[in-house]
Amino acid sequence: MSGHALGTAVGLLLDRALGEPPDAWHPVAWFGTAMQHVEQRLYADNRVRGTAHAAIGAGTGLLAGVVLVRVCDLAPVPRPLGRVVATALAVGVASSGRMLRNTSQDIQQLLAQEDLAGARERVTWLVGRDPSGLDASGIASAVVESLAENTVDAVVAPVFWALVAGAPGVLAHRAVNTMDAMVGHHSERYERYGWAAARLDDLMAWVPARIMAGVVAVVSCLTPDAPGPQAVLRIVRRDAPAHPSPNAGVAESAAAAALGVRLGGPLHYGSRFEDRPVLGEGPRPTAHTISSARSLVDAVEWALVAGTLASALASHQPEREEPP
């Protein structure tokens, strides 16, 4: 456990320092390309083929993690250190908190410059909804919701699965989450084929989403005029169940409560319309809210770094010598 915890903290710090590698060198991009070929050969408009697709992808991620551990075990270093390195590399590859924060900052600057067209184009880097009809508040809301939901997928879940199962758990989750982004849509093509990937992603993110809400409730106390942990959790219990996603609603309602804003409402995904439930209380988000949301998720990540480092130190205490 101490090796997994230390490796997790190092992996998060690697992502903070280095960010995402170029697509040509990114293992997640390689995986996405491979799964496109799997889909081309396997696709049929039914759940059976989709379940096979999900199993192949999840198995590939799990196997990649096992291979990474074995390779690190063969390195000329003590075995515990090899496990730390394997976990750190897996978490560093699977995490993308820096990218989320940087993209949100870019969008905030475009809104501040009143470049609505540029902000609409850039927000598609974070969300799948149709941005063409979004005003400044709608774009800000989309960014805040994305920061909350994607922090679960790209920060909290890698930490959770690293602590539970090391590098294999991290990369299996990253594979499942990537498949969900590729085929887990409510669309004519993927409604049945993407069902298994979407449900598996929901399952693997269920605990991380609730950890996210708990950490948000705690770190929100660092913000002046914060509502307090009990108020955040009250709004999560009240509003999250109405959201169509069992996990996104938890993360988004926690962020809405901590920031004192109102998220949700009508959305367009191409030709499909969704009337999402309202989450939280207060005014609609503005460009300034993006800055506050970015600080909030940054605090969540630092809390996880501190927590995993503390766990590593606590579980690596030297044994006391028995008295004679």
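Under the condition of being closer than 23 Å to residue 177 by Cβ and free of Cβ contacts under 8 Å to residues at least 40 places away in the same chain, which residue from the range 112-153 is most open to solvent (accessible area, probe 1.4 Å)?
125
Suppose we filter 272, 284 for residues that are open to solvent by 10 Å² or more (accessible area, probe 1.4 Å), modelled with pLDDT under 95, more than 19 Å from residue 150 (Cα to Cα) and touching a helix residue (DSSP H, G or I) at 6+ places or on another chain (Cβ under 6 Å); which single one remains?
284
For residue 156, which of the numbered conditions (1) over 12 Å from the mean Cα position of the chain (by Cα); (2) crowded, with 18+ Cβ neighbours inside 10 Å; (3) not hydroxyl-bearing (Ser, Thr, Tyr) fails to hold?
For residue 156, the exception is condition (1).
Give the residue, chosen from 253, 220, that is in contact with a strand residue (DSSP E or B) (Cβ under 6 Å, 6 or more places away or on another chain) and in contact (Cβ under 8 Å) with a residue 24 or more places away in the chain.
None of the others qualify; the one that does is 253.
Hey, can you tell me all the residues within the range 57-71 that are more than 25 Å from residue 36 (Cβ to Cβ) and either surrounded by 24 or more Cβ atoms within 10 Å (Cβ to Cβ) or in contact (Cβ under 8 Å) with a residue 24 or more places away in the chain (or both)?
Keep residues of the range 57-71 that are more than 25 Å from residue 36 (Cβ to Cβ), which gives 69-71.
Of everything in the range 57-71, just one residue is more than 25 Å from residue 36 (Cβ to Cβ) and either surrounded by 24 or more Cβ atoms within 10 Å (Cβ to Cβ) or in contact (Cβ under 8 Å) with a residue 24 or more places away in the chain (or both), namely 69.
Among the residues that make up the range 179-186, is at least one of them surrounded by 20 or more Cβ atoms within 10 Å (Cβ to Cβ) and under 16 Å from residue 248 (Cα atoms)?
Within the range 179-186, one or more residues are surrounded by 20 or more Cβ atoms within 10 Å (Cβ to Cβ) and under 16 Å from residue 248 (Cα atoms).
Being open to solvent by 40 Å² or more (accessible area, probe 1.4 Å) and either over 13 Å from residue 174 (Cα atoms) or in a helix (DSSP H, G or I) (or both) narrows it down to one residue among 84, 48; which is it?
Numbers: 84 fails: open to solvent by 40 Å² or more (accessible area, probe 1.4 Å).
On inspection, the qualifying residue turns out to be 48.
The values are calculated or read from the model by the stated rules, or taken from the named source; none is laboratory data. Since the structure is predicted, the reported quantities are computational estimates derived from the model, not experimental observations. So basically every Cβ, Gly included, is an ideal-geometry build from the backbone, and we count neighbours across all protein chains shown. The accessibility values were calculated without ligands, DNA or RNA, using every heavy atom of the protein model including side chains. Shrake-Rupley method; radii C 1.70, N 1.55, O 1.52, S 1.80 Å.
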